[in-house]
Amino acid sequence: MGYVWDLFVRRTLSISVELTMVKAIQSLYPSIEAVRFTNSGLEATLLAIRLGMAYTGRPSIAKFAGHYHGGHEQVLVSTHAVTDDATHLKKTAESMGLPDYFLQHTEILPFNNIEISQQILREHHRQIGVVMLEPLQAGYIPARQEFIRRLRDLTMELGMVLVFDEVKTGFRICLGGAQEFYGVRPDLTALGKVLGGGFPIGAVGGRHDILDLTSPRRSQGGQDVVFHSGTFNGNPMSLLAGLRTLEFLQQSGNYTRLLNTAENLRRRLQAISEAQGLPVKTVGAGSIFNLVFPAAPDGSDEEPLDPVVAENSPRHRNLRGKLDFLLMQHGVFSKPYNRFSVSLAHDATAINHTLEAFEQCMASTKTTNHSSSKSL
Ligand SMILES: Cc1ncc(COP(=O)(O)O)c(C=O)c1O
């Protein structure tokens, strides 16, 4: 009896945590009418694709060049940004062991280019059931407002399920993610990372009529149901950690403090780099940004800067590589070439330490640069 009671209490508590989290998500993401929890962002994008294919009855997806959606077969295609002609995008397998099937069933679109994206989507509209994107490429390169609005209209017209992968941008660009930032309502959203407050989690949320395909009520035989099950799905430990994180982010002034910290850090990094005569630009929104060395050494590039082009330039690769390794030697780990994700754990001490290290490293980057290469 004791065991059964214990099991009952545990199960009830964990369901109540799950429901509390669903309500917390829905209060921030009005597009999310129903939710399924997973253990990672990877599983969330995988389930979103399965749902979209089941809903539309179409066997292919379209994704954008340079967009990362986790380590499963369907999306490990062309995850690196391309700078060549958008009309001739290369489809690239990003891992050994990827069966051709997945390349054949994944179309690659150019981000922020609605004209070419439209051509490809119209051409393959009978096959493509799902269009998935990071609304900010790699979490920090923003979609143009007009691009994302037209993509929404187009996918609706062509009967495709539009999935925002907000695993990075969720709770970071705004509390309501990139969809709040752009005022666009996707059909499905993939969440992860912040949602678990440091513990493993993922979630797919969105239209009730699509999520309902996972409901076991639909069939006894399994043929009419989208399969979704997993030992640790809805893990109460992750949900509790996530709930506490969301509560903390919403406590008075915390989110504004986070945004101000990111903005302040961006401004001061730029000011230091300009004072050192090796200007960087920052690209991003909310609490995520990246540092880019523009092509023109004095930073006088045409605005707006194209971050994808700038990041692939030899000048950026060289300088940023040096800077990141120097920063590491000064106790600041910025994943090489990668974005900066600011959190509330970054207090004044951490920010000041970062700025001091940056100041010293920029001086060394500049010296190394001048002595080693005249072309930069
Ligand atoms: C946009 C995006 N989607 C999906 C994933 C995969 O998430 P996970 O690493 O939790 O599987 C990531 C991870 O970095 C991501 O950034």
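The values are calculated or read from the model by the stated rules, or taken from the named source; none is laboratory data. Note that the structure is predicted; figures quoted are calculated from it, not measured. Every residue, glycine as well, gets a Cβ built from its backbone with ideal geometry; the counts of neighbours run over all protein chains shown. Accessible surface is based on the protein model in full, side chains and every heavy atom, while ligands, DNA and RNA are left aside. Shrake-Rupley method; radii C 1.70, N 1.55, O 1.52, S 1.80 Å.
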- Message: Is it the case, given these coordinates, that residue 91 is touching a residue at least 40 places away in the same chain (Cβ under 8 Å) and more than 17 Å from residue 239 (Cβ to Cβ)?
- Response: no
- Quick one: in segment 58-96, which of the residues that are part of a helix (DSSP H, G or I) and open to solvent by 60 Å² or more (accessible area, probe 1.4 Å) is modelled with the highest pLDDT? 73
- Task: State whether the residues of segment 149-157 include one that is among the aliphatic types (A, V, I, L, M) and either without any contact (Cβ under 8 Å) to a residue 40 or more places away in the chain or within 16 Å of the ligand (Cβ to nearest atom) (or both).
- Result: yes
- Residue check, residue 29 outside the structural domain of residue 307 (by TED's automatic domain parsing), over 24 Å from residue 106 (Cα atoms) and under 17 Å from the mean Cα position of the chain (by Cα): yes
- Task: Can you tell me which residue within segment 233-262, out of those that are among the hydrophobic types (A, V, I, L, M, F, W, C) and out of contact with any helix residue (DSSP H, G or I) (no Cβ under 8 Å at 6 or more places or on another chain), is least open to solvent (accessible area, probe 1.4 Å)?
- Result: 262
- Message: From the list 188, 175, 162, exactly one residue is open to solvent by 20 Å² or more (accessible area, probe 1.4 Å), more than 11 Å from the ligand (Cβ to nearest atom) and in contact with a Leu (Cβ under 8 Å, 6 or more places away or on another chain). Which is it?
- Response: 175
- Restricting the search to segment 159-192, which residues are part of a loop (DSSP other than H, G, I, E, B) and farther than 20 Å from residue 75 by Cβ? 159, 171, 172, 173, 174, 175, 176, 183, 184, 185
- Collect the residues in segment 9-57 that are open to solvent by less than 20 Å² (accessible area, probe 1.4 Å), of a type in the set (A, V, I, L, M) and within 15 Å of the ligand (Cβ to nearest atom), keeping them in residue-number order. 44, 47, 48, 49
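Results for (1) assigned to a loop (DSSP other than H, G, I, E, B); (2) surrounded by 15 or more Cβ atoms within 10 Å (Cβ to Cβ); (3) polar (S, T, N, Q), shown as yes or no for each residue.
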position: 296; (1), (2), (3): yes, no, no
position: 299; (1), (2), (3): yes, yes, no
position: 308; (1), (2), (3): no, yes, no
position: 317; (1), (2), (3): no, no, no
position: 320; (1), (2), (3): no, yes, no
position: 325; (1), (2), (3): no, no, no
position: 331; (1), (2), (3): yes, no, no
position: 334; (1), (2), (3): yes, yes, yes
- Does residue 269 satisfy the condition of being over 30 Å from residue 214 (Cβ atoms), touching a strand residue (DSSP E or B) at 6+ places or on another chain (Cβ under 8 Å), of a type outside the set (Lys, Arg) and open to solvent by 10 Å² or more (accessible area, probe 1.4 Å)? no
- Query: Given the conditions (1) among the charged types (D, E, K, R); (2) within 20 Å of the chain's Cα centre (by Cα); (3) assigned to a helix (DSSP H, G or I), and given that residue 107 satisfies all but one, which numbered condition is not satisfied?
  - Reply: (3)
